[in-house]
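Q: Let me begin by handing over the structure; questions about it come next.
The values are calculated or read from the model by the stated rules, or taken from the named source; none is laboratory data. Since we're looking at a predicted model, the values are computed, not measured. So basically every Cβ, Gly included, is an ideal-geometry build from the backbone, and we count neighbours across all protein chains shown. The accessibility values were calculated without ligands, DNA or RNA, using every heavy atom of the protein model including side chains. Shrake-Rupley method; radii C 1.70, N 1.55, O 1.52, S 1.80 Å.
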Amino acid sequence: MDAPEISIIPKPLHIQAGSGRLMFDSAVVVNASVGHAELGPEGYQLTVDDNGITFLAGTKTGIFYAEKTLMQLLPPASLRTDAGDKAWPLPHVQITDVPRFRWRGAMLDVARHFLPKRDVLRFLDLMALHKLNVLHFHLTEDQGWRIEIKQYPKLTEVGGWRRETVGDGRPHGGFYTQDDIREIVAYATERHITVVPEIDLPGHSTAAIAAYPELGNQDVPSAQEPREVWTEFGIAKTVLNVEDATIEFYKTVLDEVCELFPGEFVCLGGDECPKDEWKASARAQARKAELGLATEEDLQAWFMNQLGAHVSAKGRKLLGWDEILEGELFPGTVVSAWRSTEYAVEAARRGHDTLTSPTRWVYFDYRQSDADGEPGAPWAAPTSLEQAYSFEPVPEDLPEELAGHVIGSEATLWSEYIPDARIHDYQSWPRLAAFCETVWSAPGRDYAEFLPRLTKHLERLDALGVEYRPLDGPHPWQKQPAPRWREDPHEAGE
Ligand code: ACM
């Protein structure tokens, strides 16, 4: 006998532009009730039986996730935009589902390559479908500044564009207006996704210095020539100076950023800040002495903490990359451990919450295999789908009593080698589908059990027009020539 089921008629799910929410034929009774505290802020219970569909949850977010699970119970074709007038079988089920971590993030680097707004909105839809709930929006880099700041228009007029990318001879650029940002944040909020803006400093700031040279270390001979928005990849030696005027400049930037992003967190980066210019700068050395600081690392911590205090006075918390552990941390700062999970252990030992984003498992800009033509960043070993699925967010060597400091994880999509939305799909999927289970489900996953479920899921991604990496490798059109990358002779000190 066939398993019992009911029929429902979902209205079209407009993945591109619509509400992204299922609506039901009035013949099906949908009962949704919140206030079930035992399910937590994001969990839900979904029941389908002859009485119709029942969603129980602690909050509206749980109801939202119950809907997302319901969509997974329907045939993949129900996700197509022309699915609206068909009836689809829905099996009788009861599912109780509560996430393991509260921070289930994806980081978009829209700075190395700009990702147009429409593609960001589409990515938010896909994140929601996978129950990811934090978009970490990496908005500024050496290679581009992507958010309009009214007080400092040159940040985007100059900093939003570069002459070429690693010798390709083609200009590249783009930025989001403040209206675009408000729209992205509203779209994310409707999908129960928090957007965490990142203004990366004091390194990764060449685009800002190109726009406003007074932000640079102008007393250092090698930093005196006008900077252009960086056209190379790697770690630029160009960094911000540590003057009060620079701190004031960034306070104004952060005032506008905090207006636009109402979420709890603001990321100030703090990663990969070479200290060469500060060592060579008489001004920076004088500052260090005047502040009674011992090292350039302390100087960085001091600089970041000035801005941390400013953001904190607005009721926000700071997020920073694990290099910020090299100095004193602003109280309440969350540390994103990317180089190794040992930094998550250190952050937790120092009483801070932490995210784990270790390169080997969740850097989805890395290639997915080492086959010829495989797209992705050339500077590290590949991260296969299986490797991504094997990720365990809580470091093995974290003492149990500190485990609560790991609030979740983020997968990153650095975009040096993600030049457009098609490659963006390829690098993201299906690895993000693997990642979303690592941050939602209980530990102890089995790749052999995952694969058949994923194969079914790929039909959903097909229906949604997602150009994911096929399990057996890239289509010929998806293959890329060997990536271009070279040391910038100027930055390498030649
Ligand atoms: C990073 O990958 N530089 C955080």
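Q: Scan region 45-55 and give yes if some residue there is of a type in the set (Gly, Ala, Ser), assigned to a loop (DSSP other than H, G, I, E, B) and surrounded by 14 or more Cβ atoms within 10 Å (Cβ to Cβ), otherwise no. Give the derivation first.
A: Our first condition is that a residue be of a type in the set (Gly, Ala, Ser); within region 45-55, this holds for 52.
Filter again for assigned to a loop (DSSP other than H, G, I, E, B), leaving none.
No, because not a single residue in region 45-55 is of a type in the set (Gly, Ala, Ser), assigned to a loop (DSSP other than H, G, I, E, B) and surrounded by 14 or more Cβ atoms within 10 Å (Cβ to Cβ).
Q: Would you mention how many residues in region 93-113 are surrounded by fewer than 24 Cβ atoms within 10 Å (Cβ to Cβ), β-branched (Val, Ile, Thr) and assigned to a loop (DSSP other than H, G, I, E, B)?
A: 1
Q: If you go through region 355-404 one residue at a time, how many are of a type in the set (Val, Ile, Thr) and in contact with a Pro (Cβ under 6 Å, 6 or more places away or on another chain)?
A: Start the filter on region 355-404 by keeping residues that are of a type in the set (Val, Ile, Thr), which leaves 356, 359, 362, 383, 394.
Then drop every residue that is not in contact with a Pro (Cβ under 6 Å, 6 or more places away or on another chain), which leaves 356.
Total meeting the criteria: 1.
Q: Please enumerate the residues belonging to region 248-261 that are open to solvent by less than 40 Å² (accessible area, probe 1.4 Å) and over 26 Å from the mean Cα position of the chain (by Cα).
A: If the condition is that a residue be open to solvent by less than 40 Å² (accessible area, probe 1.4 Å) and over 26 Å from the mean Cα position of the chain (by Cα), then no residue fits.
Q: Mind counting the residues in region 268-283 that are of a type in the set (A, V, I, L, M, F, W, C) and either crowded, with 17+ Cβ neighbours inside 10 Å or near the ligand (Cβ under 10 Å from one of its atoms) (or both)? First the steps, then the outcome.
A: So the first thing to find is which residues in region 268-283 are of a type in the set (A, V, I, L, M, F, W, C), and the list is 268, 273, 278, 280, 282.
The next check asks that each one be either crowded, with 17+ Cβ neighbours inside 10 Å or near the ligand (Cβ under 10 Å from one of its atoms) (or both); those that pass are 268, 273, 278.
Within region 268-283, residues that are of a type in the set (A, V, I, L, M, F, W, C) and either crowded, with 17+ Cβ neighbours inside 10 Å or near the ligand (Cβ under 10 Å from one of its atoms) (or both) number 3.
Q: When you scan region 315-391 for helices (runs of 4 or more DSSP H) that lie fully inside it, which ones turn up with 1 or more residues that are within 12 Å of the ligand (Cβ to nearest atom), hydroxyl-bearing (Ser, Thr, Tyr) and open to solvent by 20 Å² or more (accessible area, probe 1.4 Å)?
A: On the way: elements: 342-349, 359-362, 385-389.
It comes to 342-349, 359-362.
To keep it simple, each residue is scored yes or no on (1) crowded, with 21+ Cβ neighbours inside 10 Å; (2) without any contact (Cβ under 8 Å) to a residue 40 or more places away in the chain; (3) among the charged types (D, E, K, R).
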position	(1), (2), (3)
Leu74	no, no, no
Lys86	no, no, yes
Pro116	no, no, no
Val120	yes, no, no
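Q: As an exercise: evaluate Glu296 against (1) within 16 Å of the ligand (Cβ to nearest atom); (2) without any contact (Cβ under 8 Å) to a residue 60 or more places away in the chain and give the number of the one condition it does not meet.
A: (1)
Q: Within region 402-448, can you find the residues that are β-branched (Val, Ile, Thr) and either over 17 Å from the mean Cα position of the chain (by Cα) or away from the ligand (no atom under 16 Å from the Cβ) (or both)? Can you show your working first?
A: Just the residues of region 402-448 that are β-branched (Val, Ile, Thr), to begin with: 406-407, 412, 418, 423, 438-439.
Val406, Ile407, Ile423, Thr438, Val439 - these are the residues of region 402-448 that are β-branched (Val, Ile, Thr) and either over 17 Å from the mean Cα position of the chain (by Cα) or away from the ligand (no atom under 16 Å from the Cβ) (or both).
Q: I've got another one for you. What's the number of the condition Gly404 fails, among (1) in contact (Cβ under 8 Å) with a residue 12 or more places away in the chain; (2) in a helix (DSSP H, G or I); (3) more than 12 Å from Phe364 (Cα to Cα)?
A: Gly404 satisfies every listed condition except (1).
Q: Next question. So which pairs qualify, if the first residue must be in region 265-292 and of a type in the set (Val, Ile, Thr), the second must be open to solvent by 20 Å² or more (accessible area, probe 1.4 Å), the Cβ gap must be under 9 Å, and the two must be at least 6 apart or on different chains?
A: Val266/Lys314; Val266/Arg316; Val266/Lys317
Q: Here's something else I'd like to know. What residue, of Leu126, Leu90, is open to solvent by less than 50 Å² (accessible area, probe 1.4 Å) and in a helix (DSSP H, G or I)? Step through it out loud before you land on a result.
A: Values: Leu90 fails: in a helix (DSSP H, G or I).
The conditions single out Leu126.
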